[in-house]
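The structure under discussion appears below in the form of structure tokens.
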Amino acid sequence: MAVSLRPLQRVLARWAVRGTAVLLVEVPGGWAARAAVERALVERGWRAASSPADADAVVVCGTPGESWGEVLERTWEQMPGPRARASVSAPSEVPGALEGLAASLLDDDAQRADAASRDLVPADVENGDDMHPAGLDLAGGEDDLRDGLEMDVLRVPLGPVLPDWPAGLVLRTVLSGDVVVRARVEVLAGAAARRDSADDARRGDDVARRLDAAAQVLRLAGADDVAARAVHLRDAALPAGLRSLSPRSAPSPSGLRSLLTSSRGAGAEEAHEVRGEAARLRGRVERSRVLAWALREADVATSSPTSGAESDAAQASAPGDLRDVGLDARRRTRDDVRTLLLGLLDPDARDDDPGRRTRAALEALPERLVGVDVVTARLLVAALDLRTDALGDDDLAAFAPRDDEDEDGDEADGGDAHAHHHGHAHG
Amino acid sequence: MTGAEATSGWAGLLAVLVLGGVGVTGAFAVHRLTAVAPRGLTAWPWLSGWHPSEHALSRYHARWYPVTVVFLAFDVEMLFMYPWVLVVADVGLSAVVEMFVFLGVLLLGVLWAHREGAFSWQ
Amino acid sequence: MSLAFSEMSSVVLETPLPDLSVLRGVAVTALGVVAVVTGALVFKVDSMARATYLLAASFVAVGAAVVALHLDYVGVVVVLMMLMEMAVMGVFMVMLMGMNPALMPMSMVHSKRRALVAAGASFVVLAVGILLVDWPQRSSVPPEGPAGSTEGGATTYSLGDALMGDHMLVMMVVSPVMLATIVAGVVLAQAQGRYARLGDDLRGTTQGGRR
Amino acid sequence: MTLEVVLVVAAALFSVGLYGALSQQVVVMVMMGLELMLNGVVLAAAGFWWFTAPEPSLQVLLVVVLAAMTVEMAMGFAVALLLHRTSGADMTDMAAELKQ
Amino acid sequence: MGDVVQVAVPWVLLAAVLLGVAALGVTALDGALAARAAGRSASVGAQHPLVETARLLRQRRRTTVAADTLLRHVAVGGFVVAPLLMVAVVPLGEWVLADASVGVVWFNAVDVLVWVLVWLAGWGPNAAWSLTGGYRFLAQAMAYELPLMFALTAPAVAAGSLRVGDVAAAQPGLPHVVWMPVAFVVYCTGVLAFSVRGPLSPAGGAAISGGVLAELSGVDRLLVLAGRAGLLVAGAAFAVPLFLGGGSGPLLPGWLWVLVKTALLAAALVVVRRRLPDVRPERFLALGWTVLLPAALLQLLVVSVVVVVRS
């Protein structure tokens, strides 16, 4: 019976590989490689996967440090069926890597052998008992900081293996429902090669990096067509050195076709055209009222539900009641995502020291995200355009991942939840 | 329409249910033949590459619970709305007035709930 | 199993004794048994989500049985309302359980035996009562709707007509009750209303005047 | 297929609901028991409608029972939330402050 | 137009085939638009549904540790059955699968069934992202459901009947959409919302990395993706008898008109869906209750007054 299916399965494999979903894992210092892989995916008709369950292949962009081992291994274990992996540290390696992925996915027999060799249940699943089914304990309850209902909280780490997410950033959030209650920032460093990529960052691809961040925000906000335009602008704005893809680059929308296929590097005239296109895209985003309304923040329940900010009087609620924290956090993010997005699309914005800006943003992040729901948090993190590859060694030490997976990871950040917020409550 | 020939409407729906079931089991059967491995894999849930520290199934804090109360109350309105649809043309204006008084009262409740902030996340 | 729903109502007219076509009879009993079984399982199963959706299955079975008893509109509206309520109840079941719901065996019962005896006794009493009493025969005839409407349409039409006509009081009573439900529900469910931000003396000046 | 069969099935549904309402401690589970009992009432009323009194007034009763089920559920949730917020109680016997 | 004839049971297969083809067409159109926006040729994008089906048929099934597999199976299977149940009451010209006297209420019951399916698909895998997707969909549903119900009632009032065949027949010259534009817009918002994708549906949003789809692979993912495309098509198909005059139209026979109108409306919904960004439930909640609901009620008032005056 199986023999007669072989031709059918081979045809299926050929059709399947034409729409492969690739999970991109960006390591600090691998931005150029990721941008190149994204462009190659578009050319081949492949797409970026949203989760390991959706992925056929995983591509690690940049050279990961040793702290990445556990994360990459577990992602590889979580990928279900025909799977392939590759790692790319420079744009020039991209075509070869994708060819390798395609060949490995097409090899039906090897994939079936790999599938047969995998154990059906992960090794570290104990049978556990009622209080710890399958070796995992149950979510603990916590008084909510906004409406006082004691509900379970979930510890959900965001990143590093997450689409549209800054490279290497790990945000250990504690979610009550889908609102962030506490957050702690860690950064997984890339390997030693980080030093020279920082020079690239400063030299010329600043506009491209900001357009890429804008594209991420737009993708997370669901405006896929505008995001695709931003990605095109990013590829056009790439300095020549980072754009050495195989000559067979696919045609792009008419406006930029001449730009992309021209062999000249990022000449002045070409850069000027990119600025013009970016300004036009910025205008389009600014004018879109639906996007503005969607990105705006809703008011917290207890303030009067008028949309204006002026009516949010002081919170006279009981001390330690953290509604004002949630309210303040929400008001701060109200127009932040949109203003940041417009800032990213502004062609002549200057960003002199991305490292210092990123460090300041990372330090302010946990406090800023308290009381904000997880989707807004992801939009905000993408809009901040955090350049983890520009962080110095001392910065990375400050955000080194903590090994002790203790109960409440952020003891060091000033006591447990309440104390943490008391110190913070509004004077 | 004599009883015999007019197979009732509900037989059609029952046939759809049966066809749906057959379709789904058929899809699973085809998949067992075409997938790289017939038996499914069990994996840890995906948390950006980290091991989950607790079960996701928990007392999830749905922050929109006041809306459910308003929704259930307003939904009773639908109970009376559907039969009203059939008789509006025959009963005339009094039916319209009666139903829209009912709706107006409920809309009053909705606007009050909105002022109370029931429609934003607690 | 075709439920002869658009049966000629004239057939019913001559025979005073209402006969439910054999197929509908089988459907009602089968669906009734399904409803009882899923209802019983609700209190035996250990996951909250499964308990809720077993109850939903029980309601859908009763809704279908009501449709089989020629009450088209009421049957489908039972399915509609109960699916909505069970979706909401699923959320509340999970939220309002003392401890983590999904995986804990739910042995939160007290006096199980006494409840069983009481339920059994009530069933026996009811069943005996049902079998002994000779129920009155049909006194009137299913309503005749406007020309051309199907049998189900006629029944629903009569319901609508009653609601708008001699049973208008029902509508008049239900609307304030619903308003009261909205107000009471929101007041009880919400942590704080819109006056919380003005402070205890409702002038909003006591709290650092961040107006 | 007579009225008695429908009524016996409805009675069975009613007693299962009664068992649930009496045996369960958790507020929400008691509500599920009540819902099942009302479910039995709906089935019995539908049986009565067809077999003895196919008049619209019985249908109006059915619709009112449905409305009552919805109101009972909405108010049950609101009270259960209040109980949960004030004293974290979700057991029926915990909510006994009104008693001396 | 004559009364709607109840067809025998085997015709259900034709309905399923038509729904499947339409779902493939909708996904192909979406793939083509996405490809054109990304700069690739639209024809490559149009093969997306076939390529994705081949990929998912080849991909291995996957479940998560301590998942509630029974509920997940019910959800995955239900996603395929729900659109079929919706299409069963839609008359194709003069033939209909289920000539229910309360077809409009039945459609409403099935689109509430979609709530149950999405929440179960979120609860089943015991994973944080799926759970968040399921709960955010319910929050969204609280906003779109009531306006959708009142939008469904408006054409029924005009026709004076809840039977879909009657509503289709009650638009001799003037389709309902002409004098019920608000109800039509609110109805289309509802269809966009319960088709579990696009602007009004957080259950599958990119920001929660796929939401209820985050843990599904292989045939489970294929059935859910096919089901949600089917829901969009079924929503468009149900708008035809209610708002667009059913099978009536010049030249073409009735059943062909129904297919053409359904295809056009489904294509329009896909194009609109691609233009709008994702709307977060807490933003849509206030809009649904304070804008969509009063608008739908006003439309209903206008329609019922017209009906009373006309009769």
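The values are calculated or read from the model by the stated rules, or taken from the named source; none is laboratory data. Just so we're clear, the structure is a prediction, and the values are computed from it rather than from any experiment. Cβ atoms come from the backbone with ideal geometry, glycine included; neighbour counts cover every protein chain shown.
Points to keep in mind about this one:
- Test for E:Ala34: is it of a type in the set (A, V, I, L, M, F, W, C), more than 24 Å from E:Gln171 (Cβ to Cβ) and in contact with a strand residue (DSSP E or B) (Cβ under 9 Å, 6 or more places away or on another chain): yes
- Test: B:Trp50 is surrounded by fewer than 24 Cβ atoms within 10 Å (Cβ to Cβ), without any contact (Cβ under 8 Å) to a residue 60 or more places away in the chain, part of a loop (DSSP other than H, G, I, E, B) and not polar (S, T, N, Q): yes
- Counting the residues of region E:135-163 that are in a helix (DSSP H, G or I) and at the interface with chain B (Cβ under 10 Å from one of its Cβ atoms) gives 20.
- If you go through region C:108-152 and keep only what is under 22 Å from C:Val66 (Cβ atoms), free of Cβ contacts under 8 Å to residues at least 60 places away in the same chain and within 14 Å of chain E (Cβ to nearest Cβ), you end up with C:Pro143, C:Gly145, C:Ser149.
- Taking the criterion of being in contact with a Gly (Cβ under 7 Å, 6 or more places away or on another chain) and at the interface with chain D (Cβ under 10 Å from one of its Cβ atoms), the residues of region C:57-72 that qualify are C:Ser58, C:Gly63, C:Ala65, C:Val66, C:Val67, C:Leu69.
- The criterion of at least 2 residues that are modelled with pLDDT of 85 or more and crowded, with 24+ Cβ neighbours inside 10 Å is met, among helices (runs of 4 or more DSSP H) falling completely within region C:1-85, by C:22-42, C:48-68.
- Here the condition is being under 19 Å from C:Ser47 (Cα atoms) and crowded, with 24+ Cβ neighbours inside 10 Å; of D:Gly17, D:Gly40, D:Gly47, it holds for D:Gly17 alone.
- Taken over region C:160-193, the criterion of being at the interface with chain B (Cβ under 8 Å from one of its Cβ atoms) and in a loop (DSSP other than H, G, I, E, B) is satisfied by C:Gly165, C:Gln190, C:Ala191, C:Gly193.
- Residues within region A:41-65 that are of a type in the set (A, V, I, L, M) and away from every other protein chain (no Cβ under 12 Å), tallied: 1
- E:Gly247 vs. criteria touching a residue at least 60 places away in the same chain (Cβ under 8 Å), surrounded by 23 or more Cβ atoms within 10 Å (Cβ to Cβ) and over 30 Å from B:Gly109 (Cβ atoms): yes
- Just so you know, in region E:253-285 the residues that are without any contact (Cβ under 8 Å) to a residue 60 or more places away in the chain and within 11 Å of chain A (Cβ to nearest Cβ) include one that is farthest from E:Ala141 (Cα to Cα), and it is E:Arg275.
- Inside region C:20-37, residues that are more than 17 Å from D:Ser15 (Cβ to Cβ) and either within 8 Å of chain D (Cβ to nearest Cβ) or among the β-branched types (Val, Ile, Thr) (or both) make up a count of 7.
- The listed residue being touching a strand residue (DSSP E or B) at 6+ places or on another chain (Cβ under 8 Å) and either within 7 Å of chain C (Cβ to nearest Cβ) or over 30 Å from E:Val102 (Cβ atoms) (or both), out of B:Ser120, B:Ser48: B:Ser48
- The set of residues from region B:45-101 being within 28 Å of C:Tyr157 (Cβ to Cβ) and hydroxyl-bearing (Ser, Thr, Tyr) comprises B:Tyr82, B:Ser94.
- Residue satisfying all of: in region D:66-90; in contact with a strand residue (DSSP E or B) (Cβ under 9 Å, 6 or more places away or on another chain) and at pLDDT below 70; surrounded by the fewest Cβ atoms within 10 Å (Cβ to Cβ) among these: D:Gly88
- The residue that is farthest from D:Leu34 (Cα to Cα), counting only those in region C:38-56 that are within 9 Å of chain D (Cβ to nearest Cβ) and more than 15 Å from the chain's Cα centre (by Cα), is C:Met48.
- Test: residue in region A:151-158 that is closer than 30 Å to A:Val37 by Cβ and of a type in the set (A, V, I, L, M, F, W, C): yes
- Of the strands (runs of 3 or more DSSP E) contained entirely in region A:5-102, those carrying at least 1 residues that are within 25 Å of A:Val125 (Cβ to Cβ), among the basic types (Lys, Arg) and over 19 Å from the mean Cα position of the chain (by Cα) fall at A:84-88.
- Listed by first and then second residue, the pairs linking a residue in region B:15-30 that is over 14 Å from E:Gly78 (Cβ atoms) and among the β-branched types (Val, Ile, Thr) to a residue that is surrounded by fewer than 20 Cβ atoms within 10 Å (Cβ to Cβ) and modelled with pLDDT of 95 or more, with Cβ atoms under 7 Å apart and 6 or more places separating them unless they lie on different chains, form an empty list.
- Note on region B:78-89: among residues that are more than 7 Å from chain C (Cβ to nearest Cβ) and surrounded by fewer than 24 Cβ atoms within 10 Å (Cβ to Cβ), the one that is farthest from C:Leu83 (Cα to Cα) is B:Ala89.
- Looking across region A:147-180 at every residue that is of a type in the set (D, E, K, R), more than 8 Å from chain B (Cβ to nearest Cβ) and in a strand (DSSP E or B), the one that is farthest from A:Leu24 (Cα to Cα) is identified as A:Glu150.
- If the condition is being farther than 29 Å from E:Thr63 by Cβ, of a type in the set (Ser, Thr, Tyr) and out of contact with any Pro (no Cβ under 7 Å at 6 or more places or on another chain), then region A:32-72 contributes only A:Thr63.
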